[in-house]
Amino acid sequence: MAEKAHPKKAPAHSALPSAPIAEYYRQMHLIRRLEEEAARAYAAGKIGGFLHLYIGQEAVGVGALAALKPEDYVVTTYRDHGIAIAKGMSSRKLMAELWGKATGCSGGLGGSMHMFDAENNMLGGYGIVGGHIPLAAGVAFACKYRGDKRVTLCFFGDGAVSIGGFHEALSLAALWKLPIVFICENNEFSMGTPLSRTLSVEDISIKADGYGMARDRFFATDVMLVKERIAEAVARARDESLPTLVEVRTYRFRGHSMSDPAKYRTPKELEEHKSRDPLTLARKKLIESGATEEDVAKIEAAVEAEVVDAIKFADESPSPDVNVLEPTTYDGPFAA
């Protein structure tokens, strides 16, 4: 499918040229730098629990969310930092949540795997593999019931397509004609297990055929192509109230989580994928669009300043007060 132009209003950032790729590169570079600093903070003991990095997959989140309207919804997995930033979460709120601080997006109580931002309709990262996919279908059902023309994007990994919730969600989405786009971020490994040992077919998108659902499949090295292809599925959801399964082939440059040394792949394989780094390719496309090296340097400097500020904010923010433990643990609709 040929790549098509998607005109967009120039970003309101003084350092950015007018081309849309400038804003996409800024977001991708910001996500990369935030993740790199999160990895350092984790190694230094400032971040606890689990930490799943989005390094290498930035073009998927940025490109896909560029196809949405602000009022649309996003539901995703525990690899959620980059998606949250692309959906509009501030770097400060993200890093403070990773630090477990009261100023984080969930008051420091959610942590890395549960980024949530109601203001930007980021409905959370979820830790149970495949468990969030039916929830996303429920969000789409609510949108259809209300007739509000909102679209839901649901991200998940290749490991989730063998989970029962994946099939239940696709079955009901097709049956009820829900305005949802299911995006499988196929990074070729379910934790440390390669695709060849987890799936009987290499093309995940053909699973849509069993439910009479539209499908698409492509490699996510070009953020502009991601936007174009996801925009087609979003239009189908918004205008026709029909779901789509999209398999986006990508690759993570780090292990499954910070505890994974990724010994199951060779250095040669990793370097081969890094030679097609979507961030590097976006930078090249930005230069080709007319930006100068000075323009790009300004973008990168602004990103660096934002990252430094976010780290300082997280470091200096207070921890949650002990008084939040009882109401957040025991209070709720079923509390006595």
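The values are calculated or read from the model by the stated rules, or taken from the named source; none is laboratory data. Given the structure is predicted, the values throughout are model-derived calculations rather than measurements. Cβ placement follows ideal geometry from the backbone for every residue including glycine, while neighbour counts extend to all protein chains displayed.
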Criterion: crowded, with 21+ Cβ neighbours inside 10 Å and either of a type in the set (Gly, Ala, Ser) or more than 24 Å from Ala235 (Cβ to Cβ) (or both) - qualifying residue of Gly165, Gly138, Gly147, Gly130: Gly130
Where Arg33 falls short, out of the listed (1) part of a strand (DSSP E or B); (2) out of contact with any Phe, Trp or Tyr (no Cβ under 8 Å at 6 or more places or on another chain): (1)
Options Phe182, Phe155, Phe219, Phe141; residue that is of a type in the set (Phe, Trp, Tyr), farther than 18 Å from Asp80 by Cα and at pLDDT 95 or above: Phe141
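The rows are residues; the columns are (1) under 30 Å from Lys144 (Cα atoms); (2) buried (at least 17 other Cβ atoms within 10 Å of the Cβ); (3) touching a Pro at 6+ places or on another chain (Cβ under 8 Å).
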{"position": "Arg229", "(1), (2), (3)": "yes, yes, no"}
{"position": "Ala235", "(1), (2), (3)": "yes, no, no"}
{"position": "Glu271", "(1), (2), (3)": "no, no, no"}
{"position": "Lys285", "(1), (2), (3)": "no, yes, no"}
{"position": "Ile299", "(1), (2), (3)": "no, yes, no"}
Test: Gly111 is at positive phi and crowded, with 21+ Cβ neighbours inside 10 Å: yes
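Yes/no matrix, rows are residues, columns are (1) surrounded by 10 or more Cβ atoms within 10 Å (Cβ to Cβ); (2) farther than 24 Å from Arg40 by Cα; (3) of a type outside the set (A, V, I, L, M, F, W, C):
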site: Ala305; (1), (2), (3): yes, no, no
site: Asp315; (1), (2), (3): yes, no, yes
site: Ser319; (1), (2), (3): yes, no, yes
site: Leu325; (1), (2), (3): yes, yes, no
Subset of the range 67-81 (residues that are assigned to a loop (DSSP other than H, G, I, E, B), at pLDDT 95 or above and touching a His at 6+ places or on another chain (Cβ under 9 Å)): Ala67
